[in-house]
Amino acid sequence: MKWNSTRTLSLLSLAGVMLLSACGDNNNNSASGNEASSSPSGSAEAGAMDTSPITFSFFGADTSPNWNNMQDDVGKAITAATGVTINAEYDVASGGGQSKIALMAASGQYPDMIFAKGELGKLVDAGAIIDLTDLIDKYAPHIKEIMKDSMNRMKYSVDDQSIYAIPSNVGVGNEYFDATGGFEVQLRVLEELGYPEIRTVQDFENVLKEYAAKHPETDGQPTIPLLLNADGWKSMITVTNPAFIATGAPDDGEYYVDPTTYEAKLHYKRPEEKEYFKWLNHMYNEGLLDKDTFVQKDDQYQAKIASGRVLGLISQEWEYGNAENALKSADKDEYTYGHFPVTLNDQFQDHELQSVGVDGYGISITTACKDPVRAIQFLDWLASEEGQVLMNWGIEGKHYNVVDGKRVIPEDVLDAKVNDAANFAKTTGIGLYPTFTAHYGDGVKDSTGNYYTTNFPDQIVASYSDAEKKALAGYNATTWKDLFPSEKDLPIKDWGALYNMQVPTDGDYQVIYQKTQEIITKRIPQAILAKPEDFDKIYDDFLAELDKAGAEKMEAEYTALVKNRVELFTGKDVQ
């Protein structure tokens, strides 16, 4: 049986990391006290790394508009230290690599390295990916040290325990210090209304409705109370995924997994989610949800946000970040957004910060690579303390200084990083390279007692605008995370990140999955845009249509895969 991965692309963790690509020549902390070792004991075979010039081709299944062919500050420093340059190609069409990777699998033409996201299974099926188990053991002491408590989570499946990818879109030992998702409200709205409580969808609706009534226009254009993005896969981020977030379930893609029985079903079948979509139907019929939601393209959506006339969003900061950066660049900080853990009613708890542990998309080496040892050594150097500090902080004396033993970002550098984010990333390279290797997450300290990443409380607060700090003060909070349920109160998911779980690519599963996706894509908008009196029938017919397409058979197969994954990750017998 062939395997692949499906996912609804809600990633948080892809948010600040630009993914690389090309063709050419969640929470097991590995160090006690959240402090990582800087000197792992590698095997004798690791030896000294060759630093002679070499070029590796790479394809990344995402866009990376700020990639600068390693002519940025960090890229030049990486090449100087390792001799490696990357010839990168990006998927600029779909943002998921589906078409490009399918073509690779069919043609047998591969880059040296690849970040395949959910398409990894196609390449494994084609025999294109190297098992990294022995390479890691012999030549990658830093990766081995980082992943030492999570080795089982790198294995492909119960039946094939090869390591085909090193998780790189998640940070090991990560601790959330801020919230960047949920329901968003403009800071100017919060201030004028006296920082109202925003806990339920009714609270959220009341705030948008009241402010829009007072200000029907913004800078001469009609004010938009609520805007969602339904263009392509982003519909999952802002339209369908919030249905489970607002009803107390964690993000498991298109499925809801019972945490006790591990039984999986399409999350739309939960009765509480029907009520959430009914609320969206109400918002549309009240004129509060933008009438063009299901016909506009992503660039139109982003332009509306950048205009400053959108009061509320339901999304992730990375999804609308470019538009928000445009507002910051225009000195319109009061038009940017705060984050709230809004749920259908106060009986539900937001699970956005629930950890999946160490599990996620990763970097792979293909059979086309003529020097896999050199490639793994390169990835391992990036995973070293020196490499991680360079990737996250940049160059000492230029992007940060060490003051009394602490790394500090100068005010002018921080201003450019926050208010001119795209140009900053393109010229410095900071944040563009962690996708290449295993790395520690926020909250983990290196051997000097400094954090590996720049995302920690003091630095996060320093990056906030005055308008954002004022809004947080209005809620007696320091960061937006203070308003959300803590991940410490939510158990780590035994099944990890299901977007990274392999599912059959042949047989009935894929046929049924595609049919159900087509139904969802058609029926959810239809239900939201319906007359209120027609909603129940349309939604009930939608659920019946899913089962008619074979959803129950697909769900049973998916349940079996989830249980196998729990067994692989935890050793539990859950069959």
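A few notes on this one:
- Tally of residues being over 25 Å from the mean Cα position of the chain (by Cα) and at pLDDT below 95 across the range 66-103: 1
- Residues in the range 103-131 that are part of a helix (DSSP H, G or I), surrounded by fewer than 22 Cβ atoms within 10 Å (Cβ to Cβ) and of a type in the set (A, V, I, L, M, F, W, C): L103, A105, A106.
- No other residue among E555, E518 is in contact with a Leu (Cβ under 7 Å, 6 or more places away or on another chain) and not hydroxyl-bearing (S, T, Y) apart from E555.
Residue-wise test of (1) touching a Gly at 6+ places or on another chain (Cβ under 7 Å); (2) not small (G, A, S).
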| residue | (1), (2) |
| --- | --- |
| L187 | yes, yes |
| Y195 | yes, yes |
| A212 | no, no |
| H215 | no, yes |
| P222 | no, yes |
| P225 | yes, yes |
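- When the test is whether a residue is of a type in the set (F, W, Y) and out of contact with any Gly (no Cβ under 7 Å at 6 or more places or on another chain), Y499 does not pass it.
- Answer residue from the range 347-380, given it is aromatic (F, W, Y) and in the same structural domain as I130 (by TED's automatic domain parsing) and is nearest to the chain's Cα centre (by Cα) among those: Y361
- Matching entry among Y176, Y139 (being over 30 Å from A477 (Cα atoms) and aromatic (F, W, Y)): Y139
- Residues satisfying the stated conditions in the range 305-343, i.e. small (G, A, S), over 23 Å from L483 (Cα atoms) and part of a loop (DSSP other than H, G, I, E, B): S307, G308, A330
The values are calculated or read from the model by the stated rules, or taken from the named source; none is laboratory data. Everything numeric here is computed off the predicted structure, so don't read it as measured data. All Cβ positions, glycine included, derive from the backbone under ideal geometry; neighbour counts span all protein chains shown.
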